[in-house]
Amino acid sequence: MDSSLKGIAVVIMGVSGAGKSTIGEMLSKVINCSFLDADDYHPLSNKEKMRKGIPLSDEDRIPWLETLRDALQESLAYKKIVILGCSALQKQYRNILRSADPNYELGRCASEVKFVLLDAKAEVLAARLENRAAEGKHFMPAKLLQSQLDLLQIDESEGIFKVDATLNPQTIVSTIYTWIFSSKVAQDSKNL
């Protein structure tokens, strides 16, 4: 493994149904690093709200994001690579995660926390969520998808790497892996 990339966090982001957990777990196995699933960090109250079809508010999300930030911070402090699967739908949410980097400056996008957006059309995501719900595999109902799509804000200046979430999972993982280990990302990490 390239030692210049020790101490980075890669957030696999997107709305529910994009494949964050699947891709994050696969990528962490390829890199041989930890994978954190943000859903595991939701308090029961958040899960219950979502199960009932109630969108989360910022009051629900901010403490959850701060907990995730603290988990990333611990990995970065030990110079580890960590993958996080997290919706991270808005820039303010991503800034909370970026602040896991002790050198992060508020308002800047440069950070040891990098973001990959798994991008897919709403109908593809809805079909995935309906399949998951039918299998009893997730607490997030398909009817909350639109609220997440409405929240999703991507600012081109953030340098978020976008990947087509409808590609074969192995292709997605390979694409992200190549991006992580490209000299550009390594150079960005060194220049922070």
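Couple of notes before you dig in:
- Over the chain, DSSP H runs of length four or greater, each weighted -39,500 (n - 2.57), average out per residue to a 222 nm ellipticity of -14000 deg cm²/dmol.
- Compactness of the range 1-83 as Cα Rg over 2.2 N^0.38 Å, two decimals: 1.21
- Relative intensity, log₁₀ I(q)/I(0), of the chain from a Debye sum that treats every alpha carbon as a point, q = 0.13 Å⁻¹: -0.64
- Compared with the direct C-alpha span, the chain from E74 to I54 gains 4.0 nm at full extension, assuming 0.36 nm per residue.
- Rounded accessible area of F35 (nearest 10 Å², 1.4 Å probe): 50
- Label zone at Q92, where the point sits 7 Å out along the Cα-to-Cβ direction: the range 40-59 residues whose backbone N lies under 16 Å: 56-59
- Solvent accessible area, Å² - R51, 1.4 Å probe, full protein context: 130
- Share of carbon and sulfur in the accessible heavy-atom surface of the range 1-103 [1.4 Å probe, %]: 47
- Computed with a 1.4 Å probe over protein heavy atoms only, the accessible surface of the range 17-161 comes to 50 Å² per residue.
- For the range 40-121, the ratio of Cα radius of gyration to the globular rule of thumb 2.2 N^0.38 Å stands at 1.15.
- Difference of contour (0.36 nm per residue) and Cα-Cα distance, T166 to S34: 45.1 nm
- Long-range HN-HN contacts of L117 with modeled amide H, under 5 Å: M13, F161, K162, V163
- Within-12-Å neighbourhood charge of Q153 [Cβ basis; K, R +1; D, E -1]: -2
- The phi-based Karplus calculation (6.51 cos²θ - 1.76 cosθ + 1.60; θ = phi - 60°) puts the 3J(HN,Hα) values of the range 13-28 at 10, x, 6, 4, x, 6, x, 4, 5, 4, 5, x, 5, 4, 5, 5 Hz, whole numbers, x for Gly and Pro.
- Residue ranking by accessible heavy-atom surface, 1.4 Å probe, largest first, among Y177, Y78, Y93 comes out as Y78, Y177, Y93.
- Under 13 Å of direct C-alpha separation, and excluding same-chain neighbours fewer than eight residues apart, K80 reaches these aspartates and glutamates: D2, D101, E112.
- Measuring nothing but how far apart in sequence close Cα pairs (under 8 Å, 6+ apart) lie, relative to its length, the chain scores a relative contact order of 33 percent.
The values are calculated or read from the model by the stated rules, or taken from the named source; none is laboratory data. Since the structure is predicted, the reported quantities are computational estimates derived from the model, not experimental observations. No Cβ is skipped: glycine too gets one built from the backbone with ideal geometry, and neighbour counts run over all protein chains shown. In case anyone asks, the SASA skips ligands and DNA or RNA and just uses the protein heavy atoms, side chains included. Shrake-Rupley method; radii C 1.70, N 1.55, O 1.52, S 1.80 Å.
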